[in-house]
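Notes follow once the structure below has been shown.
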Amino acid sequence: MDAQISLRVDGKDRSITVDTRTTLLDALRDRLGVTSPKKGCDHGQCGACTVLLDGRRAIICLALAVAYDGAEIITADGLAVGDALHPIQQAFLEMDALQCGYCTPGQVCSAVGMLAEVKAGAPSHVSEDLVGSIDLDDDEIRERMSGNLCRCGAYVNIVAAIGRVACEGSTP
Amino acid sequence: MIPFNYLRADDVAGAVAAVADHPDAVFLAGGTNLVDRMKLGVAAPSLVVDISHLPLDQIVELSDGTVRIGATVRNSDLAAHLLIRERYPVLAQALLSGASGQLRNVATTAGNLLQRTRCVYFQDISMPCNKRDPDSGCSAREGYTRYHAILGGSAGCVAVHPSDMAVAMSVLDASVLVMGRTGERTIRLVELHRLPGDTPDQDTVLGHGELITAVDLPPFPFSHQSAYRKVRDRASYAFALVSVAAALHLGDGSGAPGSPTIRDVRIAFGGVAHKPWRATAAENFLRGTAATVANFREAADVELAQAVTLNDNAFKITMVRNTVASLLAGLTRSQVGDIGGDLAGQEQKP
């Protein structure tokens, strides 16, 4: 069964016909040529396909495209404004927070979504107090980013890069 | 994945009718488990009815103090809701210990309850499995059983229910509101999931086409004195080997010096059974006794007397006992301070 869907991807309105079996990830990569979200495990276990879906971080390998007709998606590609990188992207570059780079677009989108969750006061599994203020230390960053795997093991610098941006408070 | 038709439901009655009319139709909400099972070939619906746009995404407090959680409230929104964090910490903690941030933003309340086991043999369609393919046999029993049941299993199935949230909800005496063709009914959460018996293909008591619309948390006086502890193979983003949810209500110090009396207690185990395991035998043992680590451990043993272990999961007995003792000791300390002696760091004995 085919279905017509419309998506807003990185600020551009796109319209396509998809088989109902198509995931949002495959629709972006194979049909729209948006290859920033990566296919790692394709089973919701690695986080490489993380994007901002209607403003919140989400994996899209387990999302049926037909169910997201009308959705707004921002990929790592769409985070930069012209040549000006998003502060998280800039920090990943400057802090060597990657090696092969395959998980990086997912890491970056996840970090941006995660910092917004912290800003909104959402506690995590390692927060001392469910209702207190959040001290975004390395343990908090590790826990909140645990949905993004990095097989190169660049975790140390990923945590440092995110920590730097959090300290600067420079995320929009 | 076999081809399927997709329908975006406009209202609850329409969603129920659409699924009830088709024997192999399914409800779709966040899809984080269902779509994975469809990819694996474990689920092969011919019709997918999307309920994620129905107005079931609110958390409201009713006039009697009951908190009503809509079926499509996202796990992250439920965990972050101030009412849940303040009044039901066990539930917020359980939710935050499950999956990852990205998944919790998508996964829903009802979907969490109805997610299916991650037993590797259930998820591998090349292996016999009574849950996936009735009467084909159980590959787990003589297979790798580190993650399998020690309570309530049957000859035909030793799978465990994977939810953390449901374990917390079972100590909160939650009820599930269900809409079917013939009207609405309410099911106690502890009675929603079933033991496998001879029909492990049925996870719950829901009939085909019945839709969970909400979960009710009734008020109870010590819900804020509750907590969740999860033990797993890595520090984050893993299913429980064992988990314990508990709420503890201590007396006003009328017990022996240094050991307050337990007025009331609620305990449930996760990762050990085909359903969230409400530990009523342990609760009955503890009510009226002194809040000591020795009693906490004995209560766990009373509950675990009926446990049957498999080749690779005998460790769960010790793990449940220690986790019960540790969690209840923590809840005791948080109410009366460190009373020394029996509670002073002894809860982790093997």
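The values are calculated or read from the model by the stated rules, or taken from the named source; none is laboratory data. This structure is a prediction, so every number in the text was calculated from the model and none was measured. Cβ: placed from backbone, ideal geometry, glycine included. Neighbour counts: every protein chain shown.
Per the listing A:G113, A:G121, the residue uniquely surrounded by fewer than 18 Cβ atoms within 10 Å (Cβ to Cβ) and either modelled with pLDDT of 95 or more or within 8 Å of chain B (Cβ to nearest Cβ) (or both) is A:G121.
For the stretch A:124-139, enumerate the residues that are away from chain B (no Cβ under 11 Å) and either crowded, with 19+ Cβ neighbours inside 10 Å or in contact with a helix residue (DSSP H, G or I) (Cβ under 6 Å, 6 or more places away or on another chain) (or both).
Pass one, the stretch A:124-139, residues away from chain B (no Cβ under 11 Å): A:128, A:133-138.
Scanning the stretch A:124-139 gives A:I134, A:L136, A:D138.
Note on the stretch A:29-65: residues that are basic (K, R) and either within 17 Å of A:V112 (Cβ to Cβ) or within 7 Å of chain B (Cβ to nearest Cβ) (or both) total 3. Looking across the stretch B:222-250, just one residue is away from every other protein chain (no Cβ under 14 Å), more than 19 Å from B:L189 (Cβ to Cβ) and free of Cβ contacts under 8 Å to residues at least 60 places away in the same chain, and that is B:H249.
Looking only at residues that are among the hydrophobic types (A, V, I, L, M, F, W, C) and closer than 23 Å to B:A279 by Cβ in the stretch B:187-210, which one is surrounded by the fewest Cβ atoms within 10 Å (Cβ to Cβ)? I'd like the intermediate steps shown before the answer.
Looking only at the stretch B:187-210, we keep the residues that are among the hydrophobic types (A, V, I, L, M, F, W, C), and these are B:187, B:189-190, B:192, B:195, B:205-206.
Retained after the next criterion (residues that are closer than 23 Å to B:A279 by Cβ): B:187, B:189-190, B:192, B:195, B:205.
Details: B:I187: 18, B:L189: 24, B:V190: 19, B:L192: 24, B:L195: 16, B:V205: 13.
Selected residue: B:V205.
Residues of the stretch A:1-28 being among the basic types (K, R), free of Cβ contacts under 8 Å to residues at least 60 places away in the same chain and more than 14 Å from chain B (Cβ to nearest Cβ), which ones? Scanning the stretch A:1-28 gives A:K12, A:R14.
Could you identify the single residue in B:D57, B:D36 that is more than 10 Å from chain A (Cβ to nearest Cβ), buried (at least 16 other Cβ atoms within 10 Å of the Cβ) and either acidic (D, E) or at positive phi (or both)? Give the steps one after another, and end with the answer.
Details: B:D36 fails: more than 10 Å from chain A (Cβ to nearest Cβ).
Every option except B:D57 fails the conditions.
Among the residues of the stretch B:282-313, which ones are free of Cβ contacts under 8 Å to residues at least 24 places away in the same chain and either within 24 Å of B:F239 (Cα to Cα) or in contact with a helix residue (DSSP H, G or I) (Cβ under 6 Å, 6 or more places away or on another chain) (or both)? Scanning the stretch B:282-313 gives B:F285, B:D301, B:V302. Taking the criterion of being touching a helix residue (DSSP H, G or I) at 6+ places or on another chain (Cβ under 7 Å) and crowded, with 23+ Cβ neighbours inside 10 Å, the residues of the stretch B:39-54 that qualify are B:V49, B:I51. Taking the conditions (1) closer than 27 Å to A:C100 by Cα; (2) within 14 Å of chain B (Cβ to nearest Cβ); (3) of a type in the set (S, T, Y) in turn, A:Y68 satisfies each one other than (1).
Inspect the stretch A:8-29 for any residue being under 13 Å from the mean Cα position of the chain (by Cα) and at negative phi and give the result as yes or no. The answer is yes, given that some residue of the stretch A:8-29 is under 13 Å from the mean Cα position of the chain (by Cα) and at negative phi.
In the stretch B:102-125, how many are among the hydrophobic types (A, V, I, L, M, F, W, C) and part of a helix (DSSP H, G or I)?
The number of residues fulfilling the criteria is 4.
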